[in-house]
2 protein chains.
Amino acid sequence: MKRATKPIAARVVLVRARNSLNIGAAARAMANFGMEDMAVVEPFEPMLRQARSAVHGADILEKAPVLTLEEAIADCNLVIGTASAHNRRQRQTMLTLPAMRAWLKRRLPGGGRVAVLFGSEKSGLTNADLFHCHALLRIPTRPDAPSMNLGQAVAVTAYELSRAALESSVTEPDEPMLEGRQVDELVEVGMRAMAKGQVNMHMPEATRRLRFRRGVMRWRLSRGDAAFLQGLLKRLA
Amino acid sequence: MKRATKPIAARVVLVRARNSLNIGAAARAMANFGMEDMAVVEPFEPMLRQARSAVHGADILEKAPVLTLEEAIADCNLVIGTASAHNRRQRQTMLTLPAMRAWLKRRLPGGGRVAVLFGSEKSGLTNADLFHCHALLRIPTRPDAPSMNLGQAVAVTAYELSRAALESSVTEPDEPMLEGRQVDELVEVGMRAMAKGQVNMHMPEATRRLRFRRGVMRWRLSRGDAAFLQGLLKRLA
């Protein structure tokens, strides 16, 4: 029997964010993927005000309280700190982003709340911040371009957290497709056009017919496509 | 027998990008996830120059040629256009981002090159652009916050394209863990401390011992943690 999964709520905590564009971009990315719980720790106030006045994500930013780190995580079951290249003390569990969701579900089988801390672009999270973390999160960027823009780091994290719930679909247009009889018709019209145009492609007629037929079947023609091609070939022949 | 998958190379094509910060952010996100093939169509030249002079992703931008759309996709097997909310003509295959990789692998089993077109933030891709596309790509953002910043859209797309190849790991610190004998020792020290402190928690001693033992085993203590706790309890008792 498959039990329903209890929900895991996530809060984004921006610690010492300095750039209003990045703060705004982080809020916007959260909104894009349905997250709305943000807290701000030790912001540079003028930049926060500026970010709040921007259009996108304004709602999330408007509601985001300015708290101490302790307050921001007080009601969270787990705290995850995003690690930059210099946070390399392997005294803590280290997750890469693609592994985060499964780890959260293992650690919070009954659901709960997780805080994900993002440090300032300049200095990341301090060791004092990391002492509050149950695990460190690493976005597995390339060694030659490791550092991510804050807005983009929040975007890929929000995407990954919601990914399993996002629509994963391929929708084909519902035009009526070619039927067997129409394949035969198109092939006949094509062969007549080739005869008329003296196109022999250096192969016997039977081989040409076979090749053309195989193509027509592979080309995923709609009925409309086939009618168009037949009309063209008839005109030419 | 499992055959090795042939590689699919991806090119990012920015069509009529207007904002230098976004162009730079797109290049930076590509670098973060190991993509380096970018082309620029009908840019606003001063903005492109400005983006090229920025630090991050400069290498990719420096190499990105300014081309017509036809030139930018001339050597690509597939062309995918990112669709905004107003591109809703369902005459083309529509993919959501989480489904893109699997679709590409089905369509290009022998490998190949795909161009992913990103339109300007303001107007997206035109219908003329979309005529060149084999499929439209939709990043499944929330209906109440559908529109993504160009840099962030490129970031989540680059992340998704490389996701299957990214490191997915949980690394635990390799501290030596508690062994059975040490569990017994810690429980004994704990029980002595409870006796000394007259802690009875309204339950028989055997139950208290059981509960404490169960906790010690669940707490994932390292040997160092256990030594610390034992020291503390002995001191108190």
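For region A:8-163, what does the alpha-carbon gyration tensor say about shape, rounded, prolate or oblate, given a ≥ b ≥ c as the root eigenvalues, a/c under 1.5 as rounded, and a/b over b/c as prolate?
Cα axes put region A:8-163 in the rounded bin.
Using the alpha-carbon centroid of each, what span in Å lies between region B:20-70 and region A:40-84?
When both Cα centres are located, 31 Å separates them.
Taking GluC sites (Glu not before Pro) that fall in a DSSP loop and have at most 15 other Cβ atoms within 10 Å as cut points, what is the longest piece of chain B between them?
By the stated rule (loop sites, at most 15 other Cβ atoms within 10 Å), B:1-166.
In a Gaussian network model over chain A where Cα atoms closer than 10 Å are linked, find which of A:33, A:131, A:212 has the largest mean-square fluctuation.
A:212
At a Cα cut-off below 17 Å, give the aspartates and glutamates reachable from residue A:234, other chains included and same-chain residues fewer than 8 away excluded.
A:184, A:185, A:188, A:225
Residue-wise, which Karplus ³J(HN,Hα) couplings in Hz belong to region B:150-167, taking 6.51 cos²θ - 1.76 cosθ + 1.60, θ = phi - 60°, and x for glycine or proline?
So the Karplus estimates, Gly and Pro as x, are 4, x, 6, 5, 5, 4, 5, 5, 5, 4, 5, 5, 9, 3, 5, 9, 6, 5 Hz.
Residue A:39's amide H: which non-local residues (gap 5+, or another chain) put their own amide H closer than 5 Å, with H modeled 1.01 Å from N in plane and none for Pro or chain starts?
Excluding prolines and chain starts, which carry no amide H, the hits are A:12, A:13, A:14.
Could you list which residues have their amide H under 5 Å from that of residue B:8, counting only those 5 or more apart in sequence or on another chain, with H placed in the peptide plane?
Residues meeting the amide H criterion: B:112.
Compare the Cα positions of B:48, B:226, B:25 along the charge dipole of chain B (+1 at Cβ of Lys, Arg; -1 at Cβ of Asp, Glu; about the Cα centre) and return the one farthest towards the positive end.
Going by the charge dipole, the pick is B:226.
Restrict the search to region A:5-108; then list the trypsin sites (Lys or Arg not before Pro) that DSSP places in a loop and that have at most 13 other Cβ atoms within 10 Å of their Cβ.
In loop regions of region A:5-108 (DSSP not H, G, I, E or B), the sparsely surrounded trypsin sites (Lys or Arg not before Pro) are A:88, A:89, A:91.
Could you give me the ³J(HN,Hα) list for region B:212-228, computed from phi with Karplus coefficients 6.51, -1.76, 1.60 and θ = phi - 60°, whole Hz, x at Gly and Pro?
With coefficients 6.51, -1.76 and 1.60, one gets 5, 4, 4, x, 4, 6, 7, 6, 6, 6, 7, 4, x, 4, 5, 4, 4 Hz.
May I ask for the distance between the Cα centers of region B:174-234 and region B:131-168, given as a whole number of Å?
Comparing the Cα centres of region B:174-234 and region B:131-168, I get a distance of 50 Å.
Which order do B:141, A:157 fall in if you start with the one that has the fewest other Cβ atoms within 10 Å?
By the 10 Å Cβ count, ascending, the order reads B:141, A:157.
Hey, for residue A:219 with labels 7 Å out along Cα-Cβ, what do the inter-copy distances come to in nm, ordered shortest first?
Between copies, matching label points for residue A:219 lie 7.4 nm apart.
When a/c is below 1.5 the answer is rounded, else prolate if a/b is larger than b/c, else oblate, so apply that to the protein assembly as shown with a ≥ b ≥ c taken from the square roots of the Cα gyration tensor eigenvalues.
In terms of gyration-tensor shape, prolate.
Starting from the Cα of residue A:122, draw a straight line to each of the aspartates and glutamates and keep only those under 15 Å, dropping any in the same chain fewer than 8 residues away.
The reachable aspartates and glutamates, counting only those whose Cα sits under 15 Å from residue A:122, are A:42.
In deg cm²/dmol and to the nearest 500, what is the mean residue ellipticity at 222 nm of the protein assembly as shown if only DSSP H runs of at least 4 residues count, each as -39500 (n - 2.57), divided by the residue total?
Result for the protein assembly as shown: -13500 deg cm²/dmol, rounded to the nearest 500.
Relative contact order for chain A: what percent, with Cα pairs under 8 Å and sequence separation of 6 or more?
Rounded, it is 22 percent for chain A.
Any idea what the residue A:164 label distances to the other copies are, label 7 Å down the Cα→Cβ vector, nm, shortest first?
In ascending order, 2.0 nm.
Roughly how many debye, to the nearest 20, is the charge dipole of the protein assembly as shown about its Cα centre, given +1 on each Lys and Arg Cβ, -1 on each Asp and Glu Cβ, and no other charges?
Computed charge dipole of the protein assembly as shown: roughly 1460 debye.
What does the C-alpha gyration tensor say about the overall shape of region A:180-236? Classify as rounded when a/c is under 1.5, otherwise prolate if a/b is larger than b/c, or oblate.
Note, shape of region A:180-236 comes out oblate.
Given contacts defined as C-alpha pairs under 8 Å and at least six residues apart, what's the relative contact order of region B:180-236, whole-number percent?
Reported as a whole number, the value is 58 percent.
Rank A:173, A:43, A:65 by mean-square fluctuation in a GNM of chain A with C-alpha springs under 10 angstrom and give only the top-ranked residue.
Of A:173, A:43, A:65, the most mobile in the Gaussian network model is A:173.
Mind listing the label-point distances from residue B:110 to the same position on all other copies, shortest first, one decimal in nm, points 7 Å along Cα→Cβ?
5.8
Bear in mind these aren't lab numbers, they're just calculated from the coordinates by the rules spelled out. All figures in this text were calculated on a predicted structure; none of them were measured in a lab. Methodologically, a virtual Cβ is constructed for each residue, glycine included, from the backbone with ideal geometry; neighbour enumeration extends over all protein chains shown.
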